[in-house]
1. Out of ARG87, ARG63, ARG46, report the one residue that is among the basic types (Lys, Arg) and out of contact with any helix residue (DSSP H, G or I) (no Cβ under 9 Å at 6 or more places or on another chain).
2. Considering only segment 30-39, I want to know if a residue exists there that is in a helix (DSSP H, G or I), modelled with pLDDT of 90 or more and more than 16 Å from the chain's Cα centre (by Cα).
3. Is it the case that segment 22-45 has a residue that's basic (Lys, Arg) and more than 19 Å from PRO8 (Cβ to Cβ)?
4. Among residues belonging to segment 61-89 that are closer than 22 Å to LYS21 by Cβ and not hydrophobic (A, V, I, L, M, F, W, C), point out the one that is modelled with the lowest pLDDT.
5. Tell me which residues, restricted to segment 20-35, are touching a Phe, Trp or Tyr at 6+ places or on another chain (Cβ under 9 Å) and hydrophobic (A, V, I, L, M, F, W, C).
6. Cβ-Cβ distance below 8 Å, separation of 6 or more or different chains: which pairs start in segment 66-89 with a residue that is over 19 Å from LYS28 (Cβ atoms) and end on one that is basic (Lys, Arg)?
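The values are calculated or read from the model by the stated rules, or taken from the named source; none is laboratory data. A quick note: this is a predicted structure, and the numbers were derived from the prediction, not measured. Cβ sites come from the backbone with ideal geometry, for glycine too, and all protein chains shown count toward neighbours.
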Amino acid sequence: MPGKKHGPGIKNPDAYEEIRKGGASKEKAARISNAMASEGASTVGRRGGKAGDYDDWTVDKLRKRAGELDIEGRSSMRKSELIDALRHH
């Protein structure tokens with residue numbers, strides 16, 4: 001498929017691409033799209049997300065999350081850079 005932006009483990013590629021366009025990380029988009037494929041979109045939608053927007057997080061929380069994901073250079077990043085790195089890891 002030309003222009004494919006995901007790996008072979010994505011079960012619902014259309015949903016994956018839409019979720020990525022919305023700013024979600026690759027990992028999050030894969031989790032949601034695969035859940036939609038196996039459980040159905042309405043079930044996943046009712047469950048919803050509770051994480052909140054990265055813009056509302058403190059720099060310390062952003063750095064901690066970046067550390068969990070092994071994002072290099074996180075200790076010297078500004079808030080906007082951390083948010084961008086988390087969304088595009």
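1. Numbers: ARG87 fails: out of contact with any helix residue (DSSP H, G or I) (no Cβ under 9 Å at 6 or more places or on another chain); ARG63 fails: out of contact with any helix residue (DSSP H, G or I) (no Cβ under 9 Å at 6 or more places or on another chain).
Selected residue: ARG46, the only one of ARG87, ARG63, ARG46 that is among the basic types (Lys, Arg) and out of contact with any helix residue (DSSP H, G or I) (no Cβ under 9 Å at 6 or more places or on another chain).
2. No, that holds for no residue.
3. The initial filter retains those residues of segment 22-45 that are basic (Lys, Arg), namely 26, 28, 31.
Checking the rest, the ones that are also more than 19 Å from PRO8 (Cβ to Cβ) come to none.
No, segment 22-45 has no match at all.
4. Checked segment 61-89; the qualifying residue modelled with the lowest pLDDT is HIS89.
5. ALA29, ALA30, ILE32
6. Correct list of pairs: SER75/ARG63; MET77/ARG63.
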